[in-house]
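To start, the structure under review is shown below, and the notes come after it.
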Amino acid sequence: MRWLRLLPFCLLPVAASTLAADREIKQTRETPGLFIGSVGCKSSSCHGGAGEKRSQYLTWTGQDFHTRSYAILLNARSTRIAESLGIGQPQSSARCTICHSPFQSVSPSHLSAAARPDEGVSCESCHGAAGGWWRGHTRPDWTYQMRVSAGLRDLRNLYARANACVACHQNVDRDILQAGHPTLIFELDSQSVNEPKHWKDEDSWSGARAWLTGQATALREAAWSARMGNDPAPDGQETSVALGWLLSKITSNDPSLPTVVEPATSDLEPLQKEGDDLAHAAVKWNPTIDTVISLMRSLAQTDSEFTISKERSREAIFYRGRRLVLALERLAAALNANRDVPLNLEVELEALRKDIAAAHGALDVSVFAEHLRALRSKL
């Protein structure tokens, strides 16, 4: 699955078609398209105008963190990281630009004159090279299936969306982390909300599906990197085990989902496949208010598992707690999006957030367990 690191930039469309093999909509384009650049989207009559369906470019340029991905390479911190790695200028090193300036990884023959590297992560980084569908995708006689067949990435499918994002939001090589790059945590739902969204969700449970799909995808990628990566991050094992633990709780509580088995050994190969199976299934997950409350209760009842033992180090418990808090946050958000009267859990969730944020690897397990019990009492 090494090719997944390149998925956001449409460099391997044949692999993209493999991803879509079991979906109703097929990604059929087999040659790299022409990247137009965001200038092709900014017209006021397209995505640079006012109104719900025409403001995507304005949202991206004004509020989206991705527009600053190239500029980050020009700051002092990035310069220091590059110096530590001995790779020269970060804005011209493929180790940095693969995620921060995707157009620099594209052959010049597939770039229009208007596609500039300093756009950062722009429209086509996510939606695919626009040369094949740019002029036709607004035609009323073009269906969504026709646009996808012309090269538009099928981001309506959460599995495809998670795969497009996870490559740059989950795994970072050990030496880059040691040089000062921040650790990454992939969580599709909240990161989509913070982006902010420039699309409409399918329904009020889309956030819950995005969260589960994203966490399952993160499990697959973390397990793969820890097993097979050339220079995996030092916390890859802990991240994989923590995600396996969390998703085993979720899937054991909801029989409609394929099972993730909590790892009893350091063998991560089963988790890699289980994560991918769950990511596929999560796209069609159909939770209810009762389902989500039951899941949250089950997670909040894990307080007894937050104890240090010969089998569980404080470090391992920290990784487990971090993923647990993210799960409770997103499930609570989905729950309240579907309730007439929201359930106020913010005080309890904030206490758990502060526990996790206090110090990496220095989680006060007794306090964290107490705060879990307080949350459970509200459910």
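Suppose the filter is modelled with pLDDT of 95 or more, buried (at least 18 other Cβ atoms within 10 Å of the Cβ) and within 24 Å of R339 (Cβ to Cβ); does G275 pass it? First the steps, then the outcome.
Details: modelled with pLDDT of 95 or more: yes; buried (at least 18 other Cβ atoms within 10 Å of the Cβ): yes; within 24 Å of R339 (Cβ to Cβ): no.
In short, no.
Scan the range 133-148 for residues that are exposed (fewer than 12 other Cβ atoms within 10 Å of the Cβ) and within 14 Å of C123 (Cβ to Cβ) and report the count. Can you show your working first?
Initial filter on the range 133-148 (exposed (fewer than 12 other Cβ atoms within 10 Å of the Cβ)): 139-141, 143.
Now restrict to residues that are within 14 Å of C123 (Cβ to Cβ): none.
Looking only at that region, the number is 0.
In the range 288-334, the qualifying residues are those that are assigned to a loop (DSSP other than H, G, I, E, B) and either open to solvent by 30 Å² or more (accessible area, probe 1.4 Å) or modelled with pLDDT of 95 or more (or both), and the one that is farthest from L379 (Cα to Cα) is K310. For the range 201-225, a residue qualifies if it is of a type in the set (G, A, S) and open to solvent by 30 Å² or more (accessible area, probe 1.4 Å), and exactly one does: S204.
For the range 81-138, filtered to residues that are in contact (Cβ under 8 Å) with a residue 12 or more places away in the chain and acidic (D, E), the residue that is nearest to W199 (Cα to Cα) is E124.
Quick check on the range 96-129: of everything there that is within 16 Å of H66 (Cβ to Cβ), among the polar types (S, T, N, Q) and part of a helix (DSSP H, G or I), which residue is nearest to the chain's Cα centre (by Cα)? Only one residue fits best here, namely S125.
Can you name the helices (runs of 4 or more DSSP H) wholly within the range 37-95 that have at least 3 residues being more than 29 Å from K200 (Cβ to Cβ), open to solvent by less than 70 Å² (accessible area, probe 1.4 Å) and not small (G, A, S)?
Numbers: elements: 56-63, 69-72, 76-85.
So the answer is 76-85.
Within the range 335-350, restricting attention to residues that are in contact (Cβ under 8 Å) with a residue 24 or more places away in the chain and either β-branched (V, I, T) or part of a helix (DSSP H, G or I) (or both), which residue is most open to solvent (accessible area, probe 1.4 Å)? Only one residue tops the list, namely A337.
Of everything in the range 149-164 that is at pLDDT below 95 and part of a helix (DSSP H, G or I), the residue that is most open to solvent (accessible area, probe 1.4 Å) is S149.
Checking each residue in the range 149-197 for being hydroxyl-bearing (S, T, Y) and farther than 16 Å from R322 by Cβ picks out S149, Y159, S192.
Restricting to the range 179-192, name every residue that is in contact (Cβ under 8 Å) with a residue 40 or more places away in the chain and either out of contact with any His (no Cβ under 9 Å at 6 or more places or on another chain) or of a type in the set (D, E, K, R) (or both). Walk me through how you get there before you give the answer.
Start the filter on the range 179-192 by keeping residues that are in contact (Cβ under 8 Å) with a residue 40 or more places away in the chain, which leaves 179-181, 183, 185, 187, 189-190.
Once the filter is applied, which keeps residues that are in contact (Cβ under 8 Å) with a residue 40 or more places away in the chain and either out of contact with any His (no Cβ under 9 Å at 6 or more places or on another chain) or of a type in the set (D, E, K, R) (or both), the range 179-192 yields A179, G180, H181, E187, D189, S190.
Within the range 165-200, the set of residues being of a type in the set (V, I, T) and open to solvent by less than 40 Å² (accessible area, probe 1.4 Å) comprises V166, V172, I176.
The values are calculated or read from the model by the stated rules, or taken from the named source; none is laboratory data. Remember, predicted model here, so these are calculated numbers, not experimental data. As a convention, Cβ positions derive from the backbone with ideal geometry for all residues, glycine included, and neighbour counts pool all protein chains shown. For the accessible areas, the whole protein counts, side chains as well, though only heavy atoms, and no ligand, DNA or RNA atoms are used. Shrake-Rupley method; radii C 1.70, N 1.55, O 1.52, S 1.80 Å.
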